Amino acid sequence: MSDAATSDAAALGKQLASTDAAQRAKAAELLSRAGEAAAPAAVSLVQACSDGDESIREMAVAALEDLGPPPSGAIGSLTELVKNSDPLVAYWAVTLLGRSGQDAAAAVTVLAACIESSADLSVRQRAAWALGKIGSAATSARATLERAAGQGDERLARLAKEALEAIGT
């Protein structure tokens, strides 16, 4: 990615925090078309998932769907966003951490806590998936995943079992 594209995406990410809804919408729309070039705005896009304007939330999600892994410098902020009370924000923070693979090893404790404490089932399921993507660096989450593998929700149980397989022995 060129320095100009990185700079543009970062500037658009800052624009997502504007008090002007029209500016936020324009930034979200441009980022939704940027594909992986929107990566420098990853944290801002996740935060925009709680915007009061539905169209901005939808464009932020569209951008996140095509984003790929976030920059490694975003891991700490994304880890904090996992704890957000808005399920859509937490879901996308967890998703980007999973896409980061072993680079998100520092988030294992928070992801494991998310499985046990999130009120939103889709966020809990996604956290199990993310731990599997982190792989062997997520061994400290083994007990949490074993408990989740025995729970009543079939999808959570399947994702927890897959994560345990990915973590290995």
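Quick check on ALA141: is it over 20 Å from VAL43 (Cα atoms) and of a type in the set (Gly, Ala, Ser)? Answer is yes for this residue.
Yes or no: segment 136-152 includes at least one residue that is surrounded by fewer than 23 Cβ atoms within 10 Å (Cβ to Cβ), acidic (Asp, Glu), under 25 Å from GLU65 (Cα atoms) and touching a helix residue (DSSP H, G or I) at 6+ places or on another chain (Cβ under 9 Å). No: zero hits. Filter segment 31-82 for residues that are of a type in the set (Ser, Thr, Tyr) and assigned to a helix (DSSP H, G or I); which is nearest to LEU97 (Cα to Cα)? So, considering only residues that are of a type in the set (Ser, Thr, Tyr) and assigned to a helix (DSSP H, G or I), the one nearest to LEU97 (Cα to Cα) is THR79.
Taken as a whole, the structure leaves SER2 outside the set of residues that are of a type in the set (Ser, Thr, Tyr), at pLDDT below 95, surrounded by fewer than 18 Cβ atoms within 10 Å (Cβ to Cβ) and under 19 Å from the mean Cα position of the chain (by Cα).
The requirement of being of a type in the set (Phe, Trp, Tyr), more than 25 Å from GLY13 (Cα to Cα), in the same structural domain as ARG142 (by TED's automatic domain parsing) and out of contact with any strand residue (DSSP E or B) (no Cβ under 7 Å at 6 or more places or on another chain) is fulfilled somewhere in segment 107-129, by at least one residue. Cβ-Cβ distances below 9 Å connect the following pairs, each with a first residue in segment 129-148 that is farther than 19 Å from SER117 by Cβ, a second residue that is crowded, with 16+ Cβ neighbours inside 10 Å and hydroxyl-bearing (Ser, Thr, Tyr), and a separation of six or more residues or different chains: LYS133/SER100.
Residues checked against (1) within 18 Å of SER72 (Cβ to Cβ); (2) out of contact with any Lys or Arg (no Cβ under 8 Å at 6 or more places or on another chain):
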| position | (1), (2) |
| --- | --- |
| PRO87 | no, yes |
| THR95 | yes, no |
| GLY98 | yes, no |
| LEU111 | yes, yes |
| ARG126 | no, yes |
| TRP129 | no, yes |
| SER140 | no, yes |
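Would it be correct to say that ALA163 is among the hydrophobic types (A, V, I, L, M, F, W, C), buried (at least 22 other Cβ atoms within 10 Å of the Cβ), under 25 Å from LEU67 (Cβ atoms) and not assigned by TED's automatic domain parsing to the domain that holds PRO40? Yes; evaluated as a whole, the condition is true for this residue. Residues that are over 13 Å from the mean Cα position of the chain (by Cα) and either among the hydroxyl-bearing types (Ser, Thr, Tyr) or buried (at least 24 other Cβ atoms within 10 Å of the Cβ) (or both) within segment 100-133 comprise THR109, ILE115, SER117, SER118, listed in sequence order.
If you go through segment 54-87 and keep only what is out of contact with any Asp or Glu (no Cβ under 9 Å at 6 or more places or on another chain), aliphatic (A, V, I, L, M) and farther than 13 Å from ALA28 by Cα, you end up with ALA74, LEU78, LEU81, VAL82.
The values are calculated or read from the model by the stated rules, or taken from the named source; none is laboratory data. As the structure is a prediction and not an experimental result, all values here were calculated from the model. With ideal geometry, Cβ positions are generated from the backbone for all residues, glycine too; neighbour counts draw on all protein chains shown.
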